[in-house]
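K.L.:
Below you'll find the structure I mean.
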Amino acid sequence: MNAAITESDRKDARVLTIGELINQEVAQYAALAVFRALDSDQIPIDRFPVFFREQAMATRTFQDFIWASTDMPHDHPLASFAKSHRRVDSGHYKWAEHDLKAMGMPAMTIDDFFSLEALPTRIQLARILAIFYDATPEVRMVVLACLEAAGGVTLGALHGYAERHGLVKSLHYLGDAHMRVEARQLIAIENVIEEVLASKDEGLARIVRTTFDALTRMFEEGSARLWQLQPGEVR
């Protein structure tokens, strides 16, 4: 066996910056079967609203993510940006409820939000929400960066599917305007925490991995339950 260490080995073994790690996790997230199935139109149109209904439930907790990630002391250097982001990114759960109605689905009820069937989704959402307890502003912004980066994949797949099936003109959460908002938000976050993204802090790296692990499990379990779609099944 050749024990020589190649340049490629050295590159693979090096510690990634937080920004590089987020990019790596996003690429793996985008390759999930659920998003490939949406991108290749393998989901029957009559099954799409059922999946989006659970997404609308999750969006309520995502509102908590936005509030928690932007909650910081008023005199902190990131406070002004956080306040601005919170103002732009709040209330989108109402857009999701609008989209359900536009798809001919009934409004969400309290029983829908707390259904036993959707408990696995809520558990993964709770894993992310728990990160914010006693978190520093830098940790909050890193989680926000992860969520916005993952959201670009999630919303992109859902929006693309809705657009190809002639739904998008009547939608808000999956509409063109929301897509433009999310694209601007991610760029703004990357610019304001540039130094944090350049760090190699292992504590922050664990936060990134936990966030993406929770999102991955949430979407894989949800698609398996609602679409009977298993990891790696999509052609």
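No value in this document is a laboratory result; all are computed from the given coordinates. Just so we're clear, the structure is a prediction, and the values are computed from it rather than from any experiment. Cβ: placed from backbone, ideal geometry, glycine included. Neighbour counts: every protein chain shown.
K.L.:
Roughly how many whole Å is it from the C-alpha centroid of the stretch 157-201 to that of the stretch 71-126?
P.N.:
If you average the Cα positions of each part, the centres end up 15 Å apart.
K.L.:
So, with +1 on the Cβ of K and R and -1 on the Cβ of D and E, and no other charges, what is the size of the charge dipole of the chain about its Cα centre, to the nearest 20 debye?
P.N.:
Working: 25 positive and 33 negative charges, 73 e Å.
My answer is approximately 340 debye.
K.L.:
Give me D for the stretch 19-227 in µm² s⁻¹, whole number, from Stokes-Einstein with Rh from the Kirkwood sum over alpha-carbon pairs, 4 °C and 1.567 mPa s.
P.N.:
On the way: Rh = 17.5 Å.
In µm²/s, the coefficient is 74.
K.L.:
Then there is this: Along the charge dipole of the chain, which of Val15, Ala135, Ala68 sits closest to the positive end, that is, farthest toward it, with unit charges on the beta carbon of Lys, Arg, Asp and Glu (+1, +1, -1, -1)?
P.N.:
Highest projection toward the positive end goes to Ala68.
K.L.:
Most exposed first by the Cβ proxy, i.e. fewest other Cβ within 10 Å, how do Leu129, Leu215 rank?
P.N.:
Leu129, Leu215
K.L.:
Hand me the tally of lysine pairs in the chain: alpha carbons under 29 angstrom apart, and the pair either on different chains or 8 or more positions apart. Mind showing how you got there, number by number?
P.N.:
Values: Lys11/Lys200; Lys83/Lys94; Lys83/Lys200; Lys94/Lys169; Lys101/Lys169.
Qualifying lysine pairs in the chain: 5.
K.L.:
Still on this model: Give me the number: length gained by fully extending His165 to Glu20, i.e. 0.36 nm times residue separation minus the C-alpha to C-alpha distance, one decimal in nm.
P.N.:
Details: separation 145, 0.36 × 145 = 52.20 nm, distance 3.46 nm.
So the chain would gain 48.7 nm between His165 and Glu20.
K.L.:
Still on this structure, I have one more. Mind checking the dipole of the stretch 33-140: about its Cα centre, +1 per Lys or Arg Cβ, -1 per Asp or Glu Cβ, Debye to the nearest 20? Please list the in-between numbers first.
P.N.:
On the way: 12 positive and 15 negative charges, 28 e Å.
Once rounded to the nearest 20, the dipole reads 140 debye.
K.L.:
Follow-up. For the chain, what are the DSSP H helices with axial Cα length of 20 Å or more and mean Kyte-Doolittle hydropathy of at least -0.5?
P.N.:
On the way: long enough: 48-69 (30 Å, 0.10); 137-164 (39 Å, 0.63); 176-192 (25 Å, -0.07); 202-227 (36 Å, -0.14).
Correct list, ordered by number: 48-69, 137-164, 176-192, 202-227.
K.L.:
Could you tell me which of rounded, prolate or oblate describes the stretch 9-139, using a ≥ b ≥ c as the square roots of the eigenvalues of the alpha-carbon gyration tensor, with rounded for a/c under 1.5 and, failing that, prolate when a/b is larger than b/c and oblate otherwise?
P.N.:
The shape class here is oblate.
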